[in-house]
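Have a look at the structure below before the remarks.
The values are calculated or read from the model by the stated rules, or taken from the named source; none is laboratory data. Keep in mind that what you see is a predicted model, and the values were worked out from it rather than measured. Don't worry about glycine lacking a Cβ; one is built from the backbone with ideal geometry, like all the others, and counts go over all protein chains shown. Keep in mind that these areas ignore ligands, DNA and RNA; they rest on the heavy atoms of the full protein, side chains included. Shrake-Rupley method; radii C 1.70, N 1.55, O 1.52, S 1.80 Å.
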Amino acid sequence: MAQRVIVDPVTRIEGHLKIEVEVENGKVIDAKSSGTLFRGIELILRGRDPRDAPHIVQRICGVCPITHGMASMFCLDDVFGVKPPPNGRIVRSLIQGANYIQSHILHFYHLAALDYVIGPEAAPFIPRYKGDYRLPKAINDKAVEHYIQALTMRKRAQEMLAIFGAKMPHVTVFTAGGVTERVTAEKIDQFKAYLKELTSFVDNVYVPDVLAVANAYADDWFKIGTGCKNMLVYGVFRLSDEDDPAGQKQFFKRGRYTKGQFAPVDISKITEDVKYSWFEDENTGLYPGEGATVPSPRKKEAYTWLKAPRYEGLPHEVGPLARMWVNKQKDVAALGEKAFSVLGRHFARALETSMVAHAMFSWLDQLVPGEPTFAPFDIPGEGSGVGLNDAPRGALGHWITIKDHVIANYQAVVPTTWNGGPRDDKGQRGPIEEALVGAPVKDADNPIELVRIVRAFDPCLACAVHVLEVKGVYKEPKRFII
Ligand code: NFE
Ligand code: MG
């Protein structure tokens, strides 16, 4: 008979996630991923001055505010018809690159490593599940030292970001048409000094530690956690000032991998289902540009605050593995089928951190001190725009509609909605749910296998739910007319 195993909350991730699985003969036969906290940024945005959007949306999440700010700026650039000058484009990428480095180091050392590394019997290394910790003692002890060192490295990455972003989290320099911070030779030099230190840590500590874990756990963890094997990437780090409707002039290019085939992305094929989500059923299957966020917390059958995004009706995984796979990065491609696994996800994340860090040196060299960092714009009375970006955790899309000079509708479809969302209207599981099915659970009281699978996706529920309910009463935000 099947046994129900519930992990609630899943710790060492951002936000509130519950995982519920059915285990039969030591294997998961079904899984549900449930985002349990209701927030409300999309609703808060309604009626606001569109220029406020890049600042309000950064409050969706303290881990990846940059990427929401970026998607929002891309929306405004689109709807205002403004293009940043080269310095503006590049400073945006440097700020986002700094956030990638910080976020990926955070994920490996402070969120995921304790699934593989035994720390001292003291906070923050406990509590943890019992399990098969396999690292040789010398490597294990080094990894614990690196856990501590990684805290300093993350601080450095935040300081580096603040050279152009002014502060972190929630930078103040983001605007339609570029950024408000000026470029000086001194700032470039400062940034480069930080970047050298961080690149050295990534290449000499982070990547080797991930490889050590991959070696020790290679026998089975390159097979566990396969998932849906469809991959979606919007692309990130714009390399050109020319128009790029297909998203190909980016450091990581747009594309997808669906049912075993590489293919271009047509965003009109994206929809969000809500049959199993606590939202009104009449709004199911909508394109996000026409999407709605109408809570229905007592809906039968529903089990999460996440919607179920789909591309052409199919679940797609997003994140570092998707970026490396779709961009045919040679080391990840060489893994073949083994890439679709828990270790494949950690490996792809570490490799891309190094790639981004190295590329940032060349972006820094392209900055021209004293040249403008933003372009002027007029605000239209109405219009709509789309902002596509790839966050550290995967494809992120924002959609804005402006009427009477204020935001009439705003929708965000974030990476963890793609990865951690529920079944869709056809009953197809989301990528994390699918990755759990078939997984071994040796000890139901210590389901370490489940948390290893979930954490490899680096879920962030703050991003995914983005709605806030105060004492069960939702109030329509006051409408400001400018
Ligand atoms: Ni809150 Fe986020 C990232 C975004 S994940 S961390 O990366 O967008 O859904
Ligand atoms: Mg949304």
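Rounded, prolate or oblate: which fits the chain when a ≥ b ≥ c are the square roots of the eigenvalues of the alpha-carbon gyration tensor, with rounded for a/c under 1.5 and prolate only if a/b beats b/c?
oblate
So how far, in whole Å, is the C-alpha centre of the range 228-245 from the one of the range 252-284?
About 15 Å separates the Cα centre of the range 228-245 from the one of the range 252-284.
Of the listed pairs K18/K269; K253/K328; K27/K442; K187/K253, which have alpha-carbon separations greater than 18 Å here?
On the way: K18/K269 29 Å; K253/K328 10 Å; K27/K442 8 Å; K187/K253 29 Å.
Pairs exceeding the cut-off: K18/K269; K187/K253.
Rank H16, H110, H55 by accessible area, highest first, at a 1.4 Å probe radius?
From most accessible down to least: H16, H55, H110.
Across the range 1-71, how large is the tail of the calculated P(r) beyond 20 Å, expressed as a percent of all Cα pairs?
Across the range 1-71, Cα pairs with separations above 20 Å total 51 percent.
Over the range 126-275, calculate the relative contact order: mean separation of alpha carbon pairs under 8 Å at least 6 apart, over the residue count, as a percent. Before the final figure, lay out each step's value.
Details: 112 pairs, mean separation 21.9, N = 150.
That works out to 15 percent.
Could you work out how much longer the chain between A444 and E337 gets when fully extended? Use 0.36 nm per residue separation minus the Cα distance between them, nm to one decimal. Walk me through the intermediate numbers first.
On the way: separation 107, 0.36 × 107 = 38.52 nm, distance 2.82 nm.
This chain segment gains 35.7 nm when fully extended.
Nearest 500 deg cm²/dmol is fine: what mean residue ellipticity at 222 nm does the chain get from its DSSP H runs of n ≥ 4 alone, each adding -39,500 (n - 2.57), divided by its residue count? Walk me through the numbers on the way to the answer.
On the way: 15 runs with 167 residues, N = 482.
Result for the chain, helices only: -10500 deg cm²/dmol.
If I model a spin label at T184 and D378 as a point 7 Å from the Cα along the Cα→Cβ vector, what separation in nanometres do I get?
About 3.6 nm separates the two model spin labels.
Mean separation of Cα pairs under 8 Å and 6+ residues apart, divided by the residue count of the chain: what relative contact order is that in percent? Each step should come with its number before you reach the end.
Working: 1059 pairs, mean separation 130.8, N = 482.
Taking the mean separation of contacting Cα pairs over the length of the chain, I get 27 percent.
Which value, in Å² and to the nearest 10, is the accessible area of Y116 when all protein chains are kept and the probe is 1.4 Å?
For Y116, the solvent-accessible surface is approximately 0 Å².
With labels modelled as points extended 7 Å from the Cα through the Cβ direction, what inter-label distance (nm, one decimal) is found for E159 paired with A263?
4.9
Run the numbers for K426 and L37: contour at 0.36 nm per residue of separation, minus the present Cα-Cα distance, in nm. Please list the in-between numbers first.
Values: separation 389, 0.36 × 389 = 140.04 nm, distance 2.46 nm.
Taking K426 through L37 to full extension adds about 137.6 nm, to one decimal.
Rounded, prolate or oblate: which fits the range 128-213 when a ≥ b ≥ c are the square roots of the eigenvalues of the alpha-carbon gyration tensor, with rounded for a/c under 1.5 and prolate only if a/b beats b/c?
Prolate shape, in that a/c is at least 1.5 and a/b is the bigger ratio.
Apply the a/c threshold of 1.5 to the C-alpha gyration tensor of the range 196-242 and tell me whether it is rounded, prolate or oblate. The partial results should precede the final answer.
Numbers: a/c = 5.79, a/b = 1.20, b/c = 4.83.
Judged from the Cα gyration tensor, the range 196-242 comes out oblate (a/c at least 1.5, b/c at or above a/b).
Restrict the search to the range 380-439; then list the trypsin sites (Lys or Arg not before Pro) that DSSP places in a loop and that have at most 12 other Cβ atoms within 10 Å of their Cβ. Walk me through the numbers on the way to the answer.
Numbers: sites: R393, K403, R423, K426, R429; in loops: R393, R423, K426, R429.
In loop regions of the range 380-439 (DSSP not H, G, I, E or B), the sparsely surrounded trypsin sites (Lys or Arg not before Pro) are K426.
Subtracting the Cα-Cα distance from 0.36 nm times the residue separation, let me have the gained length for Q3 to E301 in nm, one decimal. Provide the component values of the computation, followed by the final result.
Values: separation 298, 0.36 × 298 = 107.28 nm, distance 2.03 nm.
The span from Q3 to E301 would gain 105.3 nm if fully extended.
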